[in-house]
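Read through the structure below, which is laid out as structure tokens, and then see the notes.
The values are calculated or read from the model by the stated rules, or taken from the named source; none is laboratory data. On a predicted model such as this, the values are computed, not experimentally measured, just so you know. Cβ atoms come from the backbone with ideal geometry, glycine included; neighbour counts cover every protein chain shown.
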Amino acid sequence: MKKIGILLILFTLSLNISKLKAEDGYRLWLRYDLISNAQKLQEYRRSIQAWLIEGDSPTLSVAKNELQNGINGLLGQPISNVKTIQKDGIVVAATLGKSALLTQLNLNSRLEKLNLEGFLILNTTINQKKVIVIAGKEDIGVLYGVFHFLKLLQTHQNIEKLNIESSPKVKLRILNHWDNLDRTVERGYAGFSIWDWHKLPDYLDPRYTDYARANASIGINGTVLTNVNANALVLTPAYLEKVAALADLFRPYGIKVYLTARFSAPIEIGGLKTADPLDPQVQTWWKNKINEIYQYVPDFGGFVVKANSEGQPGPQNYQRSHADGANMLADALAPHNGVVMWRAFVYDNNVPDDRAKQAYNEFKPLDGTFRSNVLIQVKNGPIDFQPREPFHPLFGAMPKTPLMMEFQITQEYLGQATNLVYLATMWKECLESDTYAKGQGSTVAKVIDGTLHEYSMTSMAGVANIGNERNWTGHPFGQANWYAFGRLAWNHELTAAQIAEDWIRMTFSNDNNIIKTLQNMMLNSHETVVKHSTPLGLHHIMGAGHHYGPGPWVSRMSRADWTSVYYHRADSMGVGFNRTSSGSDALSQYFPEVQAKFGTLENCPEAFLLWFHHVNWDYKMKSGQTLWAALCHQYYQGVEEVRQMQKSWDALETKIDETRFAQVKALLKIQEKEAIWWRNSCVLYFQTFSKQAIPKGLEQPEKSLEYYQKLSFPYAPGIRPQW
Ligand code: BDP
């Protein structure tokens, strides 16, 4: 008996080890492996004996599959479905209005109060039998509820006293893919596009289904398939057929398809001479085109438009406003309930004003002039997804126009796919910023979720970091950012720590030591990358074109507002961009309380110092150090923190599967190298202005400034081909 016991233990151990080896990251956070904790497993097996899904629809059918696969895997034994409740331990999933059981349970009025996509999960009894009910207001709510329920099991939660009510705070939760039709991905660091356009519509890569499952599991309900630097060809029948195939596949998962509209499409594929939005022929062309799209995709979501920005065509080519352009498309989309997401990421080097001011200057006067199905898509900060930016001044400034958030999940400026950087902390910093638009507490989150200005439409978009690499995101921890984006779009009140914990439990392990170690690494990782690349409010000092690594010396480009010197303004006196009233006055675009916070050297948080001020090299920081010394220390500290991460990771060697352990270890080594590269380049470069020594006790850079300046990366990934 004893022998059999030992054999069994050995067998389970060997199973575990081989399982530890087999992780290639493909399954993301949806790994339904046998629950490792024996007590939990027993508890769950007791509480879950069978399942019953009332009703039938494509969405309920994917919910069934997920529930079945999920619990079978997690519980390690097949759980069957039943048609009636005759024993304890049945998981009942049903939709409001389609279920006699929900009516019997008196849940209808509670469900009525949820948002359209909301769900309830609770323990109760039916016919004196214990059941767990997953109820959706619509079928999609059932699917979201099923994923939530599986998450409870995956993260080893108690499932005996459940009373969960969940509704998304934001309506359109969208991934923006910057994917080109040739499968290159602008700012993509995880291989090529997952959309295999050439083989669509006939070949449906199984990855599409797993993509839809992953998104549905975190509540993402829209995908923009194509790059904002748009190609009109996607609007032609040959491509619309392919788009339709994807839309059909995604529909049961509650995911709508959107496309980017190239403003000059009427000329490029329509044969017209103009794309002037006030030209009746142009209007008719778009109307017909949009009607045609809806023939292919009856629930098409709408368009994202980048216009008059970075060389993209737009209404201003015809002396028309952004509102003229957006409204023309909105009118044609309105009969089909489609929306326009018009981007506020506009700036022009011919405009002689601080780039940080231009979006506000152009859009604020247009408040209230957009159609009701137009959202203005605003990046989190006024420049461009930098490692740290203050919130965009448009938030709070357009009460009559729904503004939506655009975050960047792909780490264009945050270490790309070689650095471990968890972005939820950065996103939370932005969402929790107070705009003071209606007094204290007018946070960016409240602008975005519509509560501050009573927006009728709300949305959050994230620029995807997904590619066709086996593990989807290149860096295994890049998955956490995809995950966190979805969770925050659903509920921005979650903390970065909570989201990280869920992700770690599902992706790695429920072992406390692993959770604590990884959570700690993740929560500090954003500050770390800021320190070793753009500390104290520095920004936009990366390498030109590919944006890989440091380039504070970049000074000659086709336009000044793409250079680094435009942003750091280093000279013999000091460094930083004076955006106060004695400088570009960008600060005046914020509400007075915010101006007061950032406006003086004394008040300005040091994290934003050089964003708003040009500061003398000898300025005394709060620590008593001079600015120059503090800057150096930040860069060196950043490198140290990467080394700390390496140590933390190494300590987990026996606990993480070999493949992921080795991969992250190697990536952290690359990150250390890159952090040193950033540090040395920036310190040596800024030293040419400060003319001061690197503070004592800090190691000297091993290479010269010229060495770093000469490094070139013509084939760095994600580069924009035409730049
Ligand atoms: C910048 C990227 C560029 C994008 C642009 C955008 O470098 O490739 O086209 O943002 O958001 O950060 O339109």
If a residue must be assigned to a loop (DSSP other than H, G, I, E, B) and either within 13 Å of the ligand (Cβ to nearest atom) or polar (S, T, N, Q) (or both), how many such residues does the stretch 699-722 contain?
10
Unmet criterion (only one of (1) free of Cβ contacts under 8 Å to residues at least 12 places away in the same chain; (2) within 16 Å of the ligand (Cβ to nearest atom)) for residue 284
(2)
Per-region count, the stretch 331-378, residues over 16 Å from residue 304 (Cα atoms) and not in a helix (DSSP H, G or I)
11
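Quickly run through the stretch 605-640 and pick out the residues that are more than 18 Å from residue 573 (Cα to Cα) and free of Cβ contacts under 8 Å to residues at least 24 places away in the same chain.
Matches in the stretch 605-640: 605, 622, 623, 624, 640.
Enumerate the helices (runs of 4 or more DSSP H) found wholly within the stretch 29-138, keeping only those where 2 or more residues are farther than 30 Å from residue 471 by Cα and among the charged types (D, E, K, R). Break it down into steps so the answer makes sense when it comes.
Numbers: elements: 38-47, 58-75, 100-104, 108-112.
It comes to 38-47, 108-112.
For the subset of the stretch 431-465 comprising residues that are part of a loop (DSSP other than H, G, I, E, B) and within 16 Å of the ligand (Cβ to nearest atom), which member is surrounded by the fewest Cβ atoms within 10 Å (Cβ to Cβ)? Give the steps one after another, and end with the answer.
Quick first cut of the stretch 431-465, residues part of a loop (DSSP other than H, G, I, E, B) only: 432-433, 435-436, 438, 440-442, 449-458, 464-465.
If we keep only those that are within 16 Å of the ligand (Cβ to nearest atom) as well, we get 464-465.
On the way: 464: 31, 465: 29.
Applying the filter and picking the extreme gives 465.
Among the residues of the stretch 654-668, how many are assigned to a helix (DSSP H, G or I) and out of contact with any Gly (no Cβ under 7 Å at 6 or more places or on another chain)? Full working, then the answer.
Step one: list which residues in the stretch 654-668 are assigned to a helix (DSSP H, G or I), which gives 658-668.
Imposing the further condition that a residue be out of contact with any Gly (no Cβ under 7 Å at 6 or more places or on another chain) reduces the set to 658-659, 661-668.
Qualifying residue count, the stretch 654-668: 10.
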Looking at the stretch 118-132, I want the residues that are over 15 Å from residue 47 (Cβ atoms) and have a partner that is surrounded by fewer than 21 Cβ atoms within 10 Å (Cβ to Cβ) and basic (Lys, Arg) with Cβ atoms under 8 Å, at least 6 apart or on another chain. Which pairs are those?
120/110
If I ask for residues that are within 16 Å of the ligand (Cβ to nearest atom) and either charged (D, E, K, R) or surrounded by fewer than 19 Cβ atoms within 10 Å (Cβ to Cβ) (or both), which ones from the stretch 232-263 would you list?
262
Selection from the stretch 606-635 of residues that are over 32 Å from the mean Cα position of the chain (by Cα) and polar (S, T, N, Q)
616, 623, 625, 626
Find the residue count for the stretch 200-221, including only residues that are surrounded by fewer than 24 Cβ atoms within 10 Å (Cβ to Cβ) and either within 16 Å of the ligand (Cβ to nearest atom) or within 30 Å of residue 313 (Cα to Cα) (or both).
2
Among the residues listed as 583, 545, the single one being assigned to a loop (DSSP other than H, G, I, E, B) and more than 30 Å from residue 626 (Cα to Cα)
545
Condition first: at pLDDT 95 or above, within 15 Å of the ligand (Cβ to nearest atom), under 20 Å from the mean Cα position of the chain (by Cα) and farther than 28 Å from residue 613 by Cα. Can you find one or more residues in the stretch 385-394 that meet it?
no
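Report, by residue number, each residue of the stretch 402-418 that is part of a loop (DSSP other than H, G, I, E, B) and either surrounded by 24 or more Cβ atoms within 10 Å (Cβ to Cβ) or within 16 Å of the ligand (Cβ to nearest atom) (or both). Quick ask: steps written out before the conclusion?
We begin by selecting, within the stretch 402-418, every residue part of a loop (DSSP other than H, G, I, E, B); these are 402, 409-418.
The answer is 402, 409, 410, 411, 412, 413, 414, 415, 416, 417.
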